[in-house]
Amino acid sequence: MTIPRESTGPAPEVLAAFEAATGFMPLDEGLALYAAAVGAAERTGLPVLEIGTYCGRSAILLADAARATGTVALTVDHHRGSEEQQPGWEYHDPGLVDPEVGRMDTLPLFRRTLHHAGLEDHVIALVGRSPQVAAVWGGKLALVFIDGGHTDEHATGDYEGWTPHLAEDGLLVVHDVFPDPADGGQAPYRVYLRALAEGFEEISVTGSLRVLRRAGARSSE
């Protein structure tokens, strides 16, 4: 079933699941991501992909967009937590540490999040490090959402690994883009600038979320 073009967003129960889920994405950015995913998936018929799953907050919206457009959402994460989520750092949550191995493990909560939202059947979880998964991935994608590690090494690896798999008229979405260093880390911003320099054009801005597509790519949006 394809989402009606006049639809303004996900159903109330999906939004409730999103807002109840553990994570950091604000609602306005989530709705912008959802709209981009629906548009790209409708236009191409291809899967949408997220790099950086954490506990599944944004994956709820991507999964619902995939359900509405008859495709699937792919999520890539090693589920051991990014740099800022490790012990002693700002975003560390001790409740997400596996007591048996002493390391972060967000995979169980991610699975419960999707289960409670009724969206498990619309997501394929790719558990591993982004560059390794990208290197063996063979298909095209409607949308690539970069929201993984926020170091230059990781953000650049996500960009270089996955944008070659993006369909010509697909969308690139980058989260946590902060032009002012006082607002946040600069690695996603540098990836965003690189994308602009390499032929992408910005089509929407919502908070720290940037939606881009290749200049000259056709679009029915």
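List of remarks:
- Accessible surface of residue 67 - all protein chains present, 1.4 Å probe, nearest 10 Å²: 90 Å²
- With all protein chains modelled, accessible area of residue 205 [1.4 Å, Å²]: 80 Å²
- Remark: the chain carries 46 Å² of accessible area per residue (probe radius 1.4 Å; ligands, DNA and RNA excluded).
- Charge tally in the Cβ shell below 11 Å around residue 122, where Lys, Arg are +1 and Asp, Glu are -1, residue 122 excluded: -2
- With every protein chain in place, the chain: carbon and sulfur % of accessible area (1.4 Å): 53 percent
- Here the chain is treated as a sphere whose radius is the Kirkwood value from Cα pairs; by Stokes-Einstein at 4 °C and 1.567 mPa s it diffuses with a coefficient of 75 µm²/s.
- Remark: relative contact order (the chain) = 20 percent; criterion is Cα-Cα distance under 8 angstrom and separation of 6 or more residues.
- Net charge dipole, the chain: roughly 620 debye, given to the nearest 20, about the Cα centre with Cβ charges of +1 for Lys and Arg and -1 for Asp and Glu.
The values are calculated or read from the model by the stated rules, or taken from the named source; none is laboratory data. Please read all numbers here as calculations on a predicted model, not as lab measurements. Please note: Cβ atoms are built from the backbone with ideal geometry, for glycine as well, and neighbour counts cover all protein chains shown. Side chains included, ligands, DNA and RNA excluded: accessible areas come from the protein's heavy atoms. Shrake-Rupley method; radii C 1.70, N 1.55, O 1.52, S 1.80 Å.
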